[in-house]
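Structure first, commentary second.
The values are calculated or read from the model by the stated rules, or taken from the named source; none is laboratory data. Note that the coordinates shown come from a computational prediction; the quantities given were computed from them, not determined experimentally. Note that we place each Cβ from the backbone using ideal geometry, even for glycine, and neighbour counts take in every protein chain shown.
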Amino acid sequence: MPVKITWYGHAAIGLELTGKKVLIDPFLSDNPVATVKATELQADFILVSHGHGDHVGDALAIAKRCDAIVISNYEVTSWFEKQGVQVHPQHLGGGFAHPFGYLKLTLALHGSALPDGSYGGNPAGFLITTFDNERLYFACDTGLFGDMRLIGEEGIDLAVLPIGDNFTMGPDDALRAVKLIEPEHVIPIHYNTWDLISQDPEAWADRVRAETQATPHVLQPGESLTL
Ligand code: NI
Ligand code: MN
């Protein structure tokens with residue numbers, strides 16, 4: 001079954017995996033580049049990488065409306081659970097077989113305080129192994145780290161990497177990340193939401209094509225890629 005990935009701008013991603021709708025970091029209402037409203041999206045599962053507002057976004061409202069299960073680290077899921085949402089806590093290095101595939105939380109170098117200042121534990125990335133054995137790696141908000149090579153050893157079909165700089169990896173380090181991970185396909189995210197993270201994704205894609213074996217896909221907000 002093909003995997004469909006939709007980028008909603010910033011770090012908001014929609015996945016259709018084995019008939020399940022999975023959202024990652026659904027930041028839409030306050031997202032200046034989003035082309036859809038939070039109320040237009042459906043979800044069975046919502047993955048939240050860390051507690052920052054541009055990732056928690058509309059997760060609470062969507063989870064309540066859709067009866068979706070929020071998956072994140074223990075600290076972030078506890079925050080959602082207190083607000084009446086179904087959750088599944090995991091933690092870094094731990095994997096679980098969900099109805100959409102096997103999800104492992106990976107290391108991310110970042111912060112995780114929640115919008116009300118609550119402790120959000122350690123931030124995470126997501127490694128999803130689909131039922132067709134496709135491996136999708138979402139680095140989420142992170143700086144470059146050498147252990148991306150270990151993630152790459154799993155054989156990554158698609159890597160989704162931040163390139164915005166300032167809060168996360170910039171284009172240079174994201175290119176180094178591609179060299180460590182060696183994915184077949186790569187999608188850049190977390191750029192051009194605000195001036196502070198303004199980047200030229202096509203210039204970055206040219207460097208990926210010139211210096212690595214990966215195929216870059218620069219999406220417009222609202223655009224999908226099917227693999
Ligand atoms: Ni963040
Ligand atoms: Mn962010």
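Annotation: residue 32 fulfils all but one of (1) closer than 24 Å to residue 137 by Cα; (2) within 16 Å of ligand 2 (Cβ to nearest atom); the unmet one is (1). For the stretch 122-159, a residue qualifies if it is outside any loop (DSSP other than H, G, I, E, B) and polar (S, T, N, Q), and exactly one does: 129. Restricting attention to the stretch 1-15 and to residues that are assigned to a loop (DSSP other than H, G, I, E, B) and more than 16 Å from ligand 1 (Cβ to nearest atom), the residue that is surrounded by the most Cβ atoms within 10 Å (Cβ to Cβ) turns out to be 8. In the stretch 157-170, the residue that is farthest from the chain's Cα centre (by Cα) out of those that are more than 14 Å from ligand 2 (Cβ to nearest atom) and surrounded by 22 or more Cβ atoms within 10 Å (Cβ to Cβ) is 158. Can you spot a residue in the stretch 188-205 that is modelled with pLDDT of 95 or more, in a helix (DSSP H, G or I) and under 18 Å from the mean Cα position of the chain (by Cα)? For the stretch 188-205, residues modelled with pLDDT of 95 or more, in a helix (DSSP H, G or I) and under 18 Å from the mean Cα position of the chain (by Cα): present. Among the residues here, residue 213 qualifies as assigned to a loop (DSSP other than H, G, I, E, B), touching an Asp or Glu at 6+ places or on another chain (Cβ under 9 Å) and surrounded by fewer than 17 Cβ atoms within 10 Å (Cβ to Cβ).
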